[in-house]
Amino acid sequence: MSQQSTAASTSHLVNRYVRASLPQRIGAIMVDGMLFCVLVLVPAWIISWGFGPGGISGCDLTATNLDGECNISAASLRFTRIVFYALSALWVLWYSRTISQGASVGKRSTEVMVIDAKTGTTISYRRAVLRTLLSAVGFVFFFIGILVAVTNRERRAAHDLIMGTRVISP
């Protein structure tokens, strides 16, 4: 089968799906963001507070003394960053695995999935990792991914355009 006939036979797969709506995408971001907080931010804080160089005695705050000083040493801050980055790296690997299987937890909850824009199939794990990293960069820089999604006809975010993916509502 030639490439042209393969492209023609799979183009109907991509065209038959409805693109994910903006509320669905924002809902998925919110669910995945809450999971990030529960699985990365809270454990990083607990691990840093309980096992870091400053330990539990890092702050002198009580219910009656809310103006107590909270001095964080350079070693404590360094430990917290290492824990946060390590947990974030694990998050990226896990989140990318779910994307390569079609949808993250947030996307499943809003009934959307990520597909290849040309073939309509799920994307590879490697491509999902790159897409996840690009979406994180877009999130850090003033939600640029969402701004791009709002301004283009296909509602594809910057990371979707770069990685050749599409978020659809099957």
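The values are calculated or read from the model by the stated rules, or taken from the named source; none is laboratory data. In this text, all values refer to a predicted model and were calculated from it rather than measured experimentally. All Cβ positions, glycine included, derive from the backbone under ideal geometry; neighbour counts span all protein chains shown. Just the protein is used for accessible areas: all its heavy atoms, side chains included, with ligands, DNA and RNA removed. Shrake-Rupley method; radii C 1.70, N 1.55, O 1.52, S 1.80 Å.
Observations
- Among residues of segment 102-117 that are within 18 Å of G164 (Cβ to Cβ), those with a Cβ under 7 angstrom from a residue that is open to solvent by 10 Å² or more (accessible area, probe 1.4 Å) and polar (S, T, N, Q), sequence gap 6+ or separate chain, pair up as G102/T122; V112/Q24; V112/S169; I115/T121; I115/T122.
- Candidates R25, R81, filtered to the one that is loosely packed, with under 13 Cβ neighbours inside 10 Å, modelled with pLDDT of 55 or more and either of a type in the set (D, E, K, R) or part of a loop (DSSP other than H, G, I, E, B) (or both): R81
Residue-by-condition table, conditions (1) within 22 Å of G50 (Cα to Cα); (2) modelled with pLDDT under 90; (3) in contact with a Gly (Cβ under 6 Å, 6 or more places away or on another chain):
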| site | (1), (2), (3) |
| --- | --- |
| G68 | yes, yes, no |
| I72 | yes, yes, no |
| A89 | yes, no, no |
| Y95 | no, no, no |
| A103 | no, no, no |
| G106 | no, no, no |
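- Residue in segment 140-151 that is hydroxyl-bearing (S, T, Y), open to solvent by 80 Å² or more (accessible area, probe 1.4 Å), over 26 Å from L39 (Cα atoms) and in a helix (DSSP H, G or I) present: yes
- Restricting attention to segment 93-129, the residues that are assigned to a helix (DSSP H, G or I) and aliphatic (A, V, I, L, M) add up to 5.
- Condition met for I115 (out of contact with any Cys (no Cβ under 9 Å at 6 or more places or on another chain), under 18 Å from L22 (Cα atoms) and open to solvent by 50 Å² or more (accessible area, probe 1.4 Å)): no
- Members of segment 159-170 found to be within 19 Å of G106 (Cα to Cα) and either open to solvent by 70 Å² or more (accessible area, probe 1.4 Å) or among the aliphatic types (A, V, I, L, M) (or both), listed by number: V167, I168, P170
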